[in-house]
Amino acid sequence: MNQLITAAELAHEIEDVVVIDVRWTLTTGGARNPGIDEYAAGHIPGAFFVDLESTLAAPPGPGGRHPLPEPGVVEAALRRCGVSDGSRVVVHDGRESYAAGRAWWVLRWLGLGHVRVLDGGFAAWVAAGLPVSTLVPAERSGRFVARPGSMPTTDVHGAAEWVGTGLLLDARAPERYSGAVEPIDPVAGHIPGAVNAPTSAWLAADGTFRPDLAEHWAEVAGARAGEPVAVYCGSGVTGAHEVLALAQLGVAATLYPGSWSEWVHDPSRPVATGPAPS
């Protein structure tokens with residue numbers, strides 16, 4: 001199944017899908033998600049808003065900054081959006097699909113079979129000249145039943161062992177991978193043996209997924225393209241975005257949800273620094 005949908009395609013299917021707006025900006029210190037106000041100012045007609053911080057992640061702790069959410073919390077939110085097990089759902093954020101990638105992954109992890117991401121997000125919808133509304137749709141009564149475990153995950157121990165049997169991708173920016181800077185987590189660097197594959201590199205300049213994804217994947221993986229793939233990032237958000245990009249290519253990838261923020265919670269875990277090998 002195509003994991004993405006264009007703005008024009010969504011406009012054509014709008015009456016037959018549930019649209020969920022997950023606009024979100026990474027903040028620190030518990031600040032309010034600006035996406036809530038962006039949704040209120042204008043959204044795709046009929047779209048429901050779901051907050052990444054409070055719904056698509058559990059509170060931060062030893063398991064990372066965005067641990068996997070409680071299934072019942074997501075189940076209740078999706079039911080309010082009218083989602084049942086057979087619903088077709090489209091998720092989107094503002095532009096680059098980072099938050100939408102997380103939403104896509106969480107919904108798939110909970111067993112929802114037909115989830116797509118609006119390629120280019122709300123920006124693509126507006127750029128296409130499509131209508132925008134400020135009306136908040138009434139809550140519905142869907143019958144979705146969460147079935148966690150429907151997407152593969154690995155934990156901190158599995159991530160440590162992955163480099164011996166497969167390809168472990170670090171989806172963060174090169175400067176964070178190398179340890180040159182670390183603006184969020186208390187320790188800089190990367191999991192020893194991980195390969196840097198910045199999730200931003202999977203995107204075109206307009207925030208849509210680049211048309212040559214297969215060629216980019218060939219450059220990233222090289223001769224290791226046939227190995228099992230796992231992905232991590234800072235806290236499991238952009239890592240899910242990279243799993244989405246790979247799924248679009250038909251490549252199944254495992255997510256390490258705790259990611260770097262869980263890895264460095266224990267100071268005894270090894271940390272590597274320096275740029276990726278050329």
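The values are calculated or read from the model by the stated rules, or taken from the named source; none is laboratory data. These numbers were taken from a predicted model, which means no experiment stands behind them. When we count neighbours, we look across all protein chains shown, and the Cβ atoms used for this are built from the backbone with ideal geometry, even at glycine.
Taking S259, is it polar (S, T, N, Q) and more than 28 Å from R23 (Cβ to Cβ)? So S259 fails the test. Cβ separations smaller than 7 Å between residues 6+ apart or across chains give the following pairs from region 210-224 residues that are over 17 Å from H241 (Cα atoms) to residues that are modelled with pLDDT under 95: A218/A225. Within the option set V74, V106, V90, V83, being touching a residue at least 12 places away in the same chain (Cβ under 8 Å) and part of a strand (DSSP E or B) holds for one residue only, V90. Looking at E161, E182, E175, just one residue is more than 30 Å from V17 (Cα to Cα), in a loop (DSSP other than H, G, I, E, B) and free of Cβ contacts under 8 Å to residues at least 24 places away in the same chain, and that residue is E182. Which of the residues belonging to region 139-158 are assigned to a loop (DSSP other than H, G, I, E, B), touching a Phe, Trp or Tyr at 6+ places or on another chain (Cβ under 8 Å) and polar (S, T, N, Q)? Of everything in region 139-158, those that are assigned to a loop (DSSP other than H, G, I, E, B), touching a Phe, Trp or Tyr at 6+ places or on another chain (Cβ under 8 Å) and polar (S, T, N, Q) turn out to be S150, T154.
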